Each structure stands twice: as structure tokens, then as C-alpha cells.
Amino acid sequence: IRATGLFYFYHKYQDNPERIIKTLDKTFETVPWESETICFELWKRFPEAMREYMPLWAESDNEKKRAMSMHGMENIAARNPQFVLTFISRLLDDDSEEVQKKISHILTQIGRVRPIQTYVNVRRWLLDADDTRFNT
């Protein structure tokens, strides 16, 4: 029922991304898959709103929220790869396995559309890396 309610809310307010993001802030733990689906769509439809709110999520104490901040980010990789790479760079040393998996997924997606730019950034990150980052 919660998932149905979340999708109803999403479709009802689909032209108001701020309202949807604020709702996701309250529901991302109780309906995670549905919240991820909506985040994915918001990165496609409203990248500016996501650029405003997701850096705040990336600073959260909640690892699920930090991971979800990147969900769907590959939708803007071709148009704005440096934003995505800079965003990821702030989370590189995150202790959460969930966050690390999301970083790996996003890097793979960016690498497909912007391989040279991705390689340059990954190389720089690894040159300055300690063993923990290198092994991740």
C-alpha cells in the first residue's frame, strides 16, 4: 500500500520535483525500490532539482540515503560528466558497501559514454589512494 501511495503521489505531483524529493526523504527506507525508481526518473526529468538536493543526501549519516543520492545519476552522465565525477569523488572513501557498489555502477555507466574523462579521474583518484581506496 505504501508503494502504491508513493507512486500515486509521484504522478499527482510529477511537475513539482521539490515536493517529490521531500516526500522521498521520508519514504526512502520504507519503500526503497520504489524510491529508487522515482529517483532514477527525477534525474532524467529534473536534473537541476536533483543537483540541488542530492548533495545534501550524500552528506547524510544514513548510508542508504547516501547510496540513493546517486541512483539514476547516469542519466546526466553524457551531458554533465564532470558534475557526476565530482559528486562521486566526495564519496570515494565512504565505508558503506552499498555506497561503494553504487559508485562502481555509476563509474561503469559514465565510462561507457565518456571513457577518457572517466579514466583520467579514476587514475587521479588511484594515484592519491591509500590501500583501502585502491582495494575498493
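The values are calculated or read from the model by the stated rules, or taken from the named source; none is laboratory data. Only a predicted model underlies this, so the values are computations on that prediction, with no experimental measurement involved. Every residue, glycine as well, gets a Cβ built from its backbone with ideal geometry; the counts of neighbours run over all protein chains shown.
General remarks:
- Breaking point among (1) buried (at least 17 other Cβ atoms within 10 Å of the Cβ); (2) over 11 Å from the mean Cα position of the chain (by Cα), for S60: (1)
- Yes/no for V122 being among the β-branched types (V, I, T) and touching a Lys or Arg at 6+ places or on another chain (Cβ under 9 Å): no
- Every residue from the range 21-35 that is touching a helix residue (DSSP H, G or I) at 6+ places or on another chain (Cβ under 6 Å) and within 21 Å of E74 (Cα to Cα): I21, L24, F28, E34, S35
- Looking across T30, T86, T118, one residue alone is polar (S, T, N, Q) and modelled with pLDDT under 95. It is T30.
- Yes/no for T4 being touching a residue at least 24 places away in the same chain (Cβ under 8 Å) and β-branched (V, I, T): no
- Selection status of M70, assigned to a helix (DSSP H, G or I) and free of Cβ contacts under 8 Å to residues at least 40 places away in the same chain: no
So that you can scan it fast, the table gives a plain yes or no per residue for (1) of a type in the set (K, R); (2) touching a residue at least 24 places away in the same chain (Cβ under 8 Å); (3) assigned to a helix (DSSP H, G or I):
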residue: T37; (1), (2), (3): no, no, yes
residue: R66; (1), (2), (3): yes, yes, yes
residue: E74; (1), (2), (3): no, yes, yes
residue: L85; (1), (2), (3): no, yes, yes
residue: L92; (1), (2), (3): no, yes, no
residue: K102; (1), (2), (3): yes, yes, yes
residue: I106; (1), (2), (3): no, yes, yes
residue: Q117; (1), (2), (3): no, yes, yes
residue: L126; (1), (2), (3): no, no, yes
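- Evaluation of A77 against the conditions (1) buried (at least 17 other Cβ atoms within 10 Å of the Cβ); (2) under 23 Å from T4 (Cα atoms); (3) modelled with pLDDT under 95; (4) not aromatic (F, W, Y) shows that the sole unmet condition is (2).
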